[in-house]
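First up is the structure itself, then whatever we jot down about it.
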Amino acid sequence: MLFKDCLCFQVGRVARKMARVTRKKVASYGLTTTQFFLLTALYEEDGIPITALAQKVALDKATLTGLLDRLERDGLIRRESNPEDRRTIKIHLTAKAEGLRDELTDLYHQNNEIFLSQLSGEERRVFEQVVEKLEAADFEID
């Protein structure tokens, strides 16, 4: 098999291309691509515990903590202890982040459509099925 035919390389190349497009779009908001996706996840579920947020965005807690530190520093999120379990910290959007909700949500949908517009309806369905299947797979690492 030729290097250019390696699925891991091909998917990575497409992911980097998509990340560049997204990075350009969110830069004017002073956000990184990952911060943008974190805010998008929080727009969907504000007040989520850190552990659940880490699972939702597929990041380990250590990486997520650094990202949350920067979002908190920039006044976009706040951490609050869970009154029912003080060991659990919940992440909440601030008024500043709420003020960006419509713009960032629109940007999220526009950005997604840029990529999906390259595919026919049938290709979209197949693509979503393939991605879902690969994401759910339990790859054994020796």
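Of the residues making up segment 26-45, those that are in contact with a Lys or Arg (Cβ under 9 Å, 6 or more places away or on another chain) and either open to solvent by 30 Å² or more (accessible area, probe 1.4 Å) or acidic (Asp, Glu) (or both) number 3. Looking only at residues in segment 125-142 that are under 18 Å from the mean Cα position of the chain (by Cα) and not hydrophobic (A, V, I, L, M, F, W, C), the one that is modelled with the lowest pLDDT is Glu135. Residues to consider are Glu122, Glu84, Glu113, Glu98; find the one that is more than 17 Å from the chain's Cα centre (by Cα), free of Cβ contacts under 8 Å to residues at least 12 places away in the same chain and under 23 Å from Ala27 (Cβ atoms). After applying the criteria, what remains is Glu98.
The values are calculated or read from the model by the stated rules, or taken from the named source; none is laboratory data. Everything numeric in this text was worked out from a predicted model, so none of it was measured. Don't worry about glycine lacking a Cβ; one is built from the backbone with ideal geometry, like all the others, and counts go over all protein chains shown. These area figures cover heavy atoms from the full protein model, side chains too; ligands, DNA and RNA do not enter into them. Shrake-Rupley method; radii C 1.70, N 1.55, O 1.52, S 1.80 Å.
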